[in-house]
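Notes to accompany the following structure.
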RNA sequence: GCCCGGGUGGUGGAAUGGCAGACACGGCCGCCUUAAAAGCGGCUGCUGAGAGGCGUGCGGGUUCGAUUCCCGCCCCGGGCACCA
């Protein structure tokens, strides 16, 4: 993969001068850190016990305790290596998890790798190096980089999606999905065997009404396959020649390019594996309300699912009906034309042989016949790229197809058009044009000179065109006078009664395109017989291992040839593809599926595998799943207690994982309804980059701020920009740089103190020294820098320090519970500074010990070292977090600020339990000068505050 | 255009109806040092000689009191976008 990242030089934290021999320097920190990392690894300090099975440990200090499952979004181990931004979330979850262990919880926290995917494969195409070799090397490098940070992970539970022992179960879950169907009556997935039984015993009629027994085997299999939650379909897909694969809708950006690699994407019809995520649209939407997730992410998922409530309305024409979807059935009296998507299947049947008498010239597009006009317009629409389609959004185009349909409520004949502003993939691919109440329809009506009938009375001052607000219905016969909601209800009743339509709900969400024409992914556990229909392999034949091949390159195909499909890399492994298997009816020849799964597959369920990583009998042990992820109380969705990662996965990973989890829940394989109960999006660490006069990036660490303002590099002015950290921007700082220059603990403390975890902020290497000073002072409170002896004394602390200590304990607990590491650290610094000031002969143990304990989540190596120097033999990991004494949280006296007209004019100190009268008198005396001879109109005393 | 966030010193940020700027960086001054670094201590929102005045994007409002709540704008970041 790529070369080791260029890194910026970092000045040593301390000079080479004569520092005291036992000062907490970077060298000292590195020695301490390496020693404790070895100790933790040797002792399995961070192993967390399961309730049963091989990872159960009744002797563990947290065995059977209240559980907490903390999860990071696992990384793709790229060749570029880590910069200081990557571990931010990991350090956050580690600090949180370490704190939760100290308050008594059994915490599960580990780390894995999402290791299938395109970058390793692209690299393989270029170099011929096997993706497994590069990926595994990258994983090893990530592991060692992360180890230096002292993350308290249970490494027994670490998994990578490329491990055969892992993807075997990804394939197993695929089989569960394949072998189930969605029962809309029960509103859940059920085993496909139930569906077959229902057809067989006649309780469920076949699509064409024939008896099940009378159907051929192929007919039966086709009917069943059409119900599966994983199915093969010929569908318009996002074909990306640059990547040589089809992509899911969510992997395509708004401007029609691939999210990975930014290659153009085209719509093509291909036979592909799909997942019926649309069956879960309602539940995926409804259960968002039961999740403790950022509103932003829930909104994004809501928009992606795109539920619209409305009605289907049928418009009759000679020989059939056209069904449209509308959210405004109340405006039906204003529907003066219909528009179909150019690709709509009914167009060919509808299109007239000749223009009807009286056809407006503008409707024909200048063509002699409707057939010609349709063909021409379809070519025009299909030739537009997504980008063009968007930029042309305001100019309505279309063509009349020479046919009329009947508005069911007015009986009027209305013309039928095709136009590309109607999308084939949404609703029914057809709309009724209501220009009076829809801006797009108004624009279209203006271009084609179509009648405009208002059916909602706009306010008197309304100056616009289409009116989309509420108001009384007009020109609508029996709806007249009703508001939108009432009119909807009434027209819906009428449509149903007259047989012209029904209430309907439509989603923007499409089924999930699940196959990729690439090598580096999970093979499908699917073979085909000579019918061409898919057959699931039995569980006993798992795993289906990736075959070894030499040529990883995707081959493009003839895009104009509708029958051609892309050649997949696996199809070249002919010995693997053509296989003889005994699937219960004797050995036969089969052809394997040669697509692979998208890299989202592994991340759809990895949190479950952490619970029981080595199980070769089940994907997860039910007892462990119930303990770590089960509902806490009736009605709770269950799931991981805290899931931390970037917001970029708001719809992709997080929606797919919810979908799989719900299938597993329906089939009884998990007790939790949702995978991630609480989601937290950490911010990004960003960085400044600098360009010179030529626009070339200069090393950011050599840029100085000039006295006149502005920035200079080697005396030349440079321009500062703010954004990502990246090799090409010459502003990368790595965790290794920080560990070498300051130690991992300083780096951790700095990242946690920069600001709230969910906010993005700029990296500032200069500021790291503040965190080091804090840890040096803490060290100095316990250890004499000149002798190395401990300088903690057993004499009591002064009263003020003690009160501060207990306020800090109380505040740090509140902050940590709320994931506010930055303010927790500020309080610890405050206490450390106070202790430093009063410490002359030594530091009172009653201050030093709680301070070390409270610092342990952030600077675990230093805390562990000091804890042992304070005379403790056991690891600090499971030591009890300090508890504040409530009696010390209230002071004997209170200083009241005194305000006059909202301005602070003085302050008075009174006893905390002083009566209001006393406070009032003291306050008035204090501000007597300000009042002069004026009488206060009103005096307000807020007990304890003001 | 619509939907989410957000706007506080030179910088990162703190305070969620009650002393604006905790904590940290940077800066200035001092101690220590032959010197420098490190360390330690002090000062550091703006303005003013001072008393004081002003100050949380802008303009209103509620309140004894608003960074915080309400209304209307402006700007920045993110998401969605011909979805009927």
Margin query: If I take every Cα pair under 8 Å that is 6 or more residues apart in the range A:580-660, average their sequence separation and divide by the length, what percent do I get for the relative contact order?
Written below: 24 percent
Check: Please state the relative contact order of the range A:438-542 as a whole percent: Cα pairs under 8 Å, 6+ residues apart?
Finding: 13 percent
Note to self: Using a 7 Å offset from the Cα along the Cα-to-Cβ direction at both residue A:648 and residue A:38, what is the distance between the two label points in nm, to one decimal?
What the structure shows: 3.8 nm
Check: What angle do you read, to the nearest 10 degrees and between 0 and 90, between the alpha-carbon axis of helix A:118-127 and the longest principal axis of chain A?
Finding: 90 degrees
Next item on the list: Once you have a ≥ b ≥ c as the square roots of the Cα gyration tensor eigenvalues for the range A:101-157, tell me rounded if a/c is under 1.5, and otherwise prolate or oblate according to whether a/b is larger than b/c.
Entry: prolate
Next item on the list: Figure the gain on full extension for residue A:271 and residue A:380 (residue separation times 0.36 nm, minus the Cα-Cα span) and round it to one decimal in nm.
Entry: 36.7 nm
Notebook entry, point to check: How far is helix A:799-817 tilted off the main Cα axis of chain A, in degrees rounded to 10, range 0 to 90?
Noted result: 10 degrees
Note to self: Need one word for chain A: rounded, prolate or oblate. Basis is the Cα gyration tensor (sqrt eigenvalues a ≥ b ≥ c); a/c below 1.5 gives rounded, then a/b vs b/c decides.
What the structure shows: prolate
Margin query: As an exercise, use a Förster radius of 45 Å and the Cβ-Cβ distance of residue A:206 and residue A:103 to find the FRET efficiency, rounded to the nearest 0.05.
Written below: 0.15
Note to self: Tell me the relative contact order for the range A:525-652 as a rounded percent, counting alpha carbon contacts under 8 Å between residues six or more apart.
What the structure shows: 15 percent
Next item on the list: Determine, from the Cβ-Cβ distance of residue A:616 and residue A:550 and an R0 of 25 Å, the FRET efficiency 1/(1 + (r/R0)^6), rounded to the nearest 0.05.
Entry: 0.20
Next item on the list: For each of A:764, A:794, A:745, count neighbouring Cβ atoms within 10 Å of the residue's Cβ, then give the residues from fewest to most.
Entry: A:794, A:764, A:745
Notebook entry, point to check: Quick one: which of A:259-267, A:425-433, A:119-127 comes out on top by average Cβ neighbours within 10 Å, and what's the full order, highest first?
Noted result: A:425-433, A:119-127, A:259-267
Check: Using the alpha-carbon atoms, what tilt in degrees (0 to 90, nearest 10) does helix A:652-666 show relative to the longest principal axis of chain A?
Finding: 80 degrees
Next item on the list: Can you tell me how much longer the chain between residue A:791 and residue A:814 gets when fully stretched, taken as 0.36 nm per residue apart minus their C-alpha distance, in nm with one decimal?
Entry: 5.2 nm
Notebook entry, point to check: What FRET efficiency would be calculated for the residue pair residue A:300, residue A:582, taking the C-beta separation as r and a Förster radius of 56 Å, to the nearest 0.05?
Noted result: 0.70
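Using a/c under 1.5 as the rounded threshold, could you call the range A:502-617 rounded, prolate or oblate? The axes a ≥ b ≥ c are square roots of the C-alpha gyration tensor eigenvalues, and prolate needs a/b larger than b/c, oblate otherwise.
Rounded.
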Note to self: Quick check on chain A: helices-only [θ] at 222 nm, where DSSP H runs of length 4 and up contribute -39,500 (n - 2.57) each and the sum goes over total residues. Nearest 500, please.
What the structure shows: -9500 deg cm²/dmol
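Only the coordinates and a few stated rules stand behind these numbers; no lab work does. All of these numbers come straight from a predicted model, not from anything done at the bench. We place every Cβ from the backbone using ideal geometry, glycine too, and count neighbours over all the protein chains shown.
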